[in-house]
Amino acid sequence: MIIRQFAALFKARTMEFVRDRGTFYWNLLFPVILVLGMAFAFSGSDEKLYKIGVVGSPDASVRILGMEQMHVIHYDQAGDALEKLARHQIDFLLDFDKREFAVNEESNKGRFLRELFTAQQSAVGGTGLLTVEAFDERAVSGKATRYVDWLVPGVIGMNMMFSSLFGVGYVLVRYRKNGVLKRLKATPVHALNFVSAQAASRLVIVLLTSVFVFSGTNLLLHFVMRGSYLNLLLLTAMGILCMISLGLVFASRMRSEELAGGLLNIVTFPMLALSGVFFSLEGSPAILRTISRAFPLTHFIEAARKIMLDGAGLAQIAPNLFFLGGLTVIFLILSSALFRWE
Amino acid sequence: MTDILRVENLSKYYGSVKAVDNVSFAIPEGICFGLLGPNGAGKTTTIEIMEGITAPNAGRVLFRGTPIGADFKKKVGIQFQTTALPEFITVKETLELFSAFYANPRPMDEVIRLCSLEDILQRDNQKLSGGQKQRMLLALAIIPKPEVVFLDEPTTGLDPQARRNFWDLIGRIKAEKTTVILTTHYMDEAQLLCEQVAIMDQGKIMEIDTPDALLAKHFDGVLISLPYDGCCSDALSGFDGLVMHDDSIELQTTTLDTSLKKLLAAHVDLEGLSIHKPNLEDLFIKLTGSSLRT
Ligand SMILES: Nc1ncnc2c1ncn2[C@@H]1O[C@H](COP(=O)(O)OP(=O)(O)OP(=O)(O)O)[C@@H](O)[C@H]1O
Ligand SMILES: [Mg+2]
């Protein structure tokens, strides 16, 4: 009985989504256009800044760090920095602890910076100043990760967030306001069963959308994929569930679509800004980075990038998965405690 | 006859508004029970409490002697005064959806036939006309093969023909021993369909009985109505059972012949005079003071 009710509710909700043409195409095409547009916009790779990683405390005599074209990023671990260098996310690395500089031979910018650095430090003279001889050179190799490779998990995550939060939150609030929920309350359907069907329908829809967006853009852009697609799918499903359950918390009581819309915007906006959808938070104030750790979107995007760009396995992304799973459980408990038909 | 539903000392307050004020009554099984009253009388609130949709502030509702619980929803059909239907699905799909909610639903073609939905099966819920939507909502109410159906103003917005079809349908539902509880603003409808009516105003039940018993209690004889233009009030003041309205006079009498002769003798202009047997509408207006109080 419960299963039959669930299946019927699932079907009705899914049909509603598919038949609502506007929303349907918006959900599919917007992210595709965004990824393609961004790929096009950044394909020139004409970023003005050079990114220099620094480990340890820099010495004032290293003049390259004082130049205004340089964006200096500090790292605590040399290992992290070397990884970034291998992926062309920084162009040059200066390790003051080991007195070492590192270059990725496959990076034009890196080779240019080495020339510049060598020339500058050869010219310095005087006691206590570091000349180029004070440094060892270390070669690193690794293919460049294009901006789109890095971007695509962000865009899919963003789309997933909007589609889950609004698709569940907003719709339930509308149903409550116009009385559809009240009509269902008058049937033997249990609230939990109804809500699960809504959530399940959304999960399938958003998962399929994400797969579509990814594979559609992949045809044209051939993303870097160093990890397993299966892990990526698992992560995506968990990310979607987490967002949907957050949406359910919002939808549990509210009657006003305007209020719900406003509150959802209040939640989505900081996630959009701080979860590293379009730009890395590296180098931004520590407080922002700390805040961003609390957002499910951050954990999804981070883990997706680890899988795609670093080839991470489940073990490496386990902390992200646990965070998403834990948050989902909390949200579900909260929303079922709060839920009202009317 | 046993009582299928019994309401005991029901009260519901919304702030300072006493929507339902200590109401008690019982409904015998298999009848049609009509809840009448002006706008805001508390009809919807009362039946939504009986449905288990709204929680009362005080009192209880007994179904076959036990307080209504979760199981009650499997046995009742409900049509709310206002409801939206799920979006982007058709009438047929909606019927299928609701059928899936019940263990033993009424066969679909029977529902379709009873509510004359044949022509609109493939239509999107959002594109139904007012009357079509009423029929659809009624269909949803009878899908569970309910023991009790609650219908809150089911014929509001129906055309005269559809209203007659609806009356037929109620007859068929009653033939299945289903108890029907309905609110309506159409007194002819209540008189025709209901074995029992309750007249409610300001949260209280003012009268409850069979329509005939109520009429016998409140009216004697027939009603004479006359247009009133302000004249001859002196001449009229000698009559018993006279009620003045803004533009008409109503005279209740058991001795029609004598009354008419008296009117003639008083030189009252009898142009526009009508005589009718008192009906529920007359009773309603008498009890609630106005047909349009809000
Ligand atoms: N949710 C609510 N919040 C506050 N007041 C309410 C609420 N529901 C009903 N009321 C008030 O309770 C009173 C009874 O309302 P109810 O809907 O039961 O009337 P009704 O007899 O069904 O009227 P109508 O014939 O217009 O449908 C009204 O004064 C109404 O304003
Ligand atoms: Mg009402």
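The values are calculated or read from the model by the stated rules, or taken from the named source; none is laboratory data. Everything numeric in this text was worked out from a predicted model, so none of it was measured. Please note: Cβ atoms are built from the backbone with ideal geometry, for glycine as well, and neighbour counts cover all protein chains shown. The accessibility values were calculated without ligands, DNA or RNA, using every heavy atom of the protein model including side chains. Shrake-Rupley method; radii C 1.70, N 1.55, O 1.52, S 1.80 Å.
Numbers below:
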item: Charge-dipole axis of the protein assembly as shown as Lys and Arg at +1 and Asp and Glu at -1 on Cβ define it, positive-most pick from A:Leu93, A:Leu338, A:Val195; result: A:Leu93
item: Accessible area per residue in Å² at 1.4 Å probe, computed on chain B; result: 46 Å²
item: Fraction of beta bridges assigned by DSSP in segment B:138-294 that are antiparallel (%, nearest 5); result: 75 percent
item: Beta bridges per DSSP with both ends in segment A:50-140, % antiparallel, nearest 5; result: 20 percent
item: Rounded, prolate or oblate (a/c below 1.5 giving rounded, otherwise prolate when a/b exceeds b/c) for segment A:264-342 by Cα gyration tensor; result: oblate
item: For B:74-85, mean number of other protein chain Cβ atoms within 10 Å; result: 4
item: Average beta-carbon neighbours from other chains, 10 Å sphere, peptide A:8-14; result: 4
item: Helical segments meeting 27 Å axial Cα length and Kyte-Doolittle -0.5 threshold in chain A (DSSP H); result: A:21-41, A:191-221, A:229-251, A:314-338
item: Burial ranking of peptide ranges B:268-275, A:248-255, A:324-331 (average Cβ count within 10 Å, highest at the top); result: A:248-255, A:324-331, B:268-275
item: Accessible surface of the protein assembly as shown [probe 1.4 Å, protein heavy atoms]: carbon and sulfur percent; result: 58 percent
item: Dipole moment magnitude, nearest 20 debye, segment B:3-215 about Cα centre, only Lys, Arg, Asp, Glu C-beta charged; result: 380 debye
item: Local electrostatic count at B:His276 - Lys and Arg +1, Asp and Glu -1, tallied over other residues with Cβ under 12 Å; result: -2
item: Candidate lysines - alpha carbon under 22 Å from B:Lys261, same-chain residues fewer than 8 apart omitted; result: B:Lys277
item: Charge dipole (segment B:1-118, unit charges on Cβ, about Cα centre) - positive-most of B:Ala58, B:Phe80, B:Gly40; result: B:Ala58
item: Positive-end residue, the protein assembly as shown charge dipole about Cα centroid, Cβ charges, pick of B:Leu251, A:Gly37, A:Ala237; result: A:Ala237
item: Accessible area of segment A:50-140 divided out per residue, in Å², using a probe of 1.4 angstrom; result: 49 Å²
item: Cα-centred dipole magnitude for segment B:172-228, charges only on beta-carbon of K, R (+1) and D, E (-1), debye, nearest 20; result: 180 debye
item: Net charge over other residues, Cβ less than 13 angstrom from the Cβ of A:Lys185 (K, R count +1; D, E count -1); result: +2
item: Per-residue average of Cβ from other chains inside 10 Å of A:185-192; result: 6
item: Relative contact order (%) - chain B, alpha-carbon pairs under 8 angstrom, separation at least six; result: 21 percent
item: Summed buried accessible surface, chains B and A, 1.4 Å probe, nearest 100 Å²; result: 2300 Å²
item: Relative contact order computed over chain A (Cα-Cα under 8 Å; 6+ residues apart), in percent; result: 20 percent
item: Shape category assigned to the protein assembly as shown from the gyration tensor of Cα positions, a/c cut at 1.5; result: prolate
item: Charge dipole (debye, nearest 20) of the protein assembly as shown; +1 at Cβ of Lys and Arg, -1 at Cβ of Asp and Glu; result: 1700 debye
item: Pairs from A:Lys177/B:Lys18; B:Lys73/B:Lys204; A:Lys84/A:Lys306; A:Lys182/B:Lys174 whose Cα-Cα separation, in the structure shown, is over 21 Å; result: A:Lys177/B:Lys18; B:Lys73/B:Lys204; A:Lys182/B:Lys174
item: Whichever lysines have a C-alpha closer than 17 Å to that of B:Lys127, once near sequence neighbours (fewer than 8 apart) are set aside; result: B:Lys92
